[in-house]
Amino acid sequence: MRLLAFLLLLPLMLNAATTGTKFHVKMQVDADHLSLPVSISIKGKDRAAVDARLDVIRKELEKRFADQPGWELREISSEFAHAEAKSYVSRTNTGSKLFGDDDADKAGTVYVASARWELHTEADKGLKGLEILRTKASDLVKANDDDEKQVVGNPEYLLTNPQDSRNELLDQIKNDFEEAKKHLPEGQWTLEITSLAQAVDVVALGGKRFEVSLAYRMAFVTPTPQKATK
């Protein structure tokens, strides 16, 4: 469709001495990865103990993915234990105060540490792969312990390396270029392709499907005038 539009406009573009027209080549591809997000938070009054507990969970999760090709654990973020954010409470005749302003509050400081991971497998594993990822993410925190929280997010299909599609998109551009050259008046104009350095664009279409595209320009170049000879 893009090439047909180009060819229909070609006579007008030549008459107007246009220097370039922008196009996109597009194609649909399937996801290559299936991802399951997991987050953990640990609370406690002993900062070192909170950090140590989160590290135990991290090592357990790493063990569940060790030496298993096709299964991958990616740590997205991690925060060492820090005091929980303070909040204001009213105090009669003296305005407001922050929790932790006096010795009693300081003694009761609660620390929290957290981390987030993405659990990955190959998209082709489908629902069976998702079931295994959920199993790997299970029972990481102590049951019925309000100081330990685990959240398993929604699974998502991903296209982790859209640049793998670049060669196929370049082949489409080459075909468009060769076809367009056939319709140029011989000896009057030539075509050049520009703007190929940018990255491949990706749009999620839902489910496993993604659209990848690459923009380019076909630029008209006039022949260099010949010098007059005596």
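Where a number appears in this text, it was derived from the coordinates with a stated rule and is not lab data. Just so you know, these numbers come straight off a predicted model, no measurement behind them. Note: ideal-geometry Cβ built from the backbone for every residue, glycine included; neighbour counts use all protein chains shown.
Can you compute the modelled spin-label distance between Leu130 and Asn144, with each label point 7 Å from Cα toward Cβ, in nm?
3.2 nm
Suppose the chain between Val151 and Ala85 were pulled fully straight at 0.36 nm per residue; how much longer would it get relative to their current alpha carbon spacing?
21.7 nm
What FRET efficiency would be calculated for the residue pair Lys63, His183, taking the C-beta separation as r and a Förster radius of 41 Å, to the nearest 0.05?
0.05
Between Gln28 and Ser78, what is the label-to-label distance in nm when each label sits 7 Å out along the Cα-to-Cβ direction?
4.1 nm
How many nm separate the modelled label positions at Thr160 and Ala204, each set 7 Å beyond the Cα in the direction of the Cβ?
About 1.7 nm, to one decimal.
Structure shown: which of Lys45/Lys136; Lys59/Lys149; Lys26/Lys128; Lys22/Lys174; Lys63/Lys136; Lys26/Lys182 lie over 21 Å apart, alpha-carbon to alpha-carbon?
Lys45/Lys136; Lys26/Lys128; Lys26/Lys182
May I ask for the net charge around Ala123, where only other residues with Cβ less than 9 Å from the Cβ of Ala123 are counted and Lys, Arg are +1 while Asp, Glu are -1?
With Lys, Arg at +1 and Asp, Glu at -1, the net is -2.
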